[in-house]
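Remarks on the structure that follows.
The values are calculated or read from the model by the stated rules, or taken from the named source; none is laboratory data. What you see is a predicted model, and the numbers here were worked out from it, not measured in a lab. Cβ sites come from the backbone with ideal geometry, for glycine too, and all protein chains shown count toward neighbours. Remember, those area values only see protein heavy atoms, side chains included, never the ligands or the DNA or RNA. Shrake-Rupley method; radii C 1.70, N 1.55, O 1.52, S 1.80 Å.
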Amino acid sequence: MSKPPPNSPKQRKRKPLLAPEAYLKGIREGDRVLLGQAITLVESHKPDHSERAREVVEACLPYSGRSIRLGITGSPGVGKSTFIEALGMYLIEKGHKVAVLAIDPSSKQSKGSILGDKTRMTRLSADPNAFIRPSPAGESLGGVARKTRETILLCEAAGYDVVIVETVGVGQSETAVHSMVDFFLLLLLPGAGDELQGIKRGIVEMADLLAVNKADGDRVSLAKEAQRSYRNALHLFPSKESGWNPPVCLCAALQSEGIPEIWEEVQKFQATTTQSGYFQQHRQEQAKYWLLEFIQEKLAQLFFENPAVKEQWTEVEHKVVSGEWSSIKGGEVLLKFLSL
Ligand code: GDP
């Protein structure tokens, strides 16, 4: 294959990879361009990029972990980005550095515009102490989740001490976010019960704090009603392993009201669970979970990318579909190609 001529668009696009130490140094010094480039490597599908990304993440690991990782979810329109902007600006005023990441496996269809879009958090995205990164586009949930988890580590090494992971409260992505954050916050609307808000009971159960947003104007009494009914509903759930009883707060993100109270709860959670040992234990459990996830993902990749598996697939599938072979037999025949 002939090389593209010098300065052709194809050649200009490809940035040379730096040494892992160069990325580490830049990230540690707060160089946002290098941090962004390192995240791009994490998100890349190119084998040399993935390998370099792994080296950079390993190099950053000793400097990571020193943050509170917050998950934020809620139905579209509930006010997540408004809330994140208000909380982020409040935290920056208090001297924190805030990273905002998004998990949105559907972003291929929505062209990445639903979550983490910079235009939705104008003040925060213009602030030198904030770093906003949208969801990697065109990925499966598993892929987005692993990449976001590695991005958290890079952001922590860059000194971001509050990492917010945003997701839309409609599907499986909550479970993924829950498995990578310390504290999970569910935003709700005044009035409607969780069925009406399209929120699954499982998500309410995962939450460490429920916040009824838009508690302003003539919605205040409706918001208070929602607060009461969620408080009652929470009594019916089994108590949490953390020993923490999730509070139900009111806020008005647009006016930045109720934000300090919510942050106080996060800090209370961090203090009590650090003292009880749960905070660390939970992170260790998450590390174990990600080890397993990674192995499963890699095994599946090795299998499906195996040339013999690819070649035999249609024939085996045909035998299984026609009833000549059982699914188990077909699977076993194909799995034999996977010599580890
Ligand atoms: P997201 O889809 O969950 O990220 O929601 P957005 O943050 O984009 O907010 C959706 C709409 O609700 C926007 O028009 C916001 O201005 C509005 N909104 C957000 N928070 C509040 C609030 O506290 N009070 C009121 N009245 N409107 C709000």
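So which of 33, 57 is among the β-branched types (Val, Ile, Thr) and either surrounded by fewer than 19 Cβ atoms within 10 Å (Cβ to Cβ) or within 12 Å of the ligand (Cβ to nearest atom) (or both)?
33
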Among residues of segment 62-90 being surrounded by fewer than 22 Cβ atoms within 10 Å (Cβ to Cβ) and of a type in the set (A, V, I, L, M, F, W, C), the residue nearest to residue 253 (Cα to Cα) is 89
Flagged in segment 243-257 as open to solvent by less than 20 Å² (accessible area, probe 1.4 Å) and not in a strand (DSSP E or B), in numbering order, are 251, 253
Residue 172 meets each of (1) surrounded by 20 or more Cβ atoms within 10 Å (Cβ to Cβ); (2) farther than 27 Å from residue 23 by Cβ with one exception, condition (1)
For segment 68-80, pairs from a residue that is farther than 17 Å from residue 176 by Cβ to a residue that is part of a strand (DSSP E or B) and open to solvent by less than 10 Å² (accessible area, probe 1.4 Å), with Cβ under 8 Å and 6 or more apart or across chains, are 68/162; 68/163; 68/183; 78/187; 78/188; 79/187
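Within segment 296-306, restricting attention to residues that are assigned to a helix (DSSP H, G or I) and open to solvent by 100 Å² or more (accessible area, probe 1.4 Å), which residue is nearest to residue 141 (Cα to Cα)? Show your work before the answer.
Initial filter on segment 296-306 (assigned to a helix (DSSP H, G or I)): 296-304.
In the following step, the residues that additionally are open to solvent by 100 Å² or more (accessible area, probe 1.4 Å) were identified as 296, 304.
Values: 296: 14, 304: 18 Å.
Per the stated criteria, the residue is 296.
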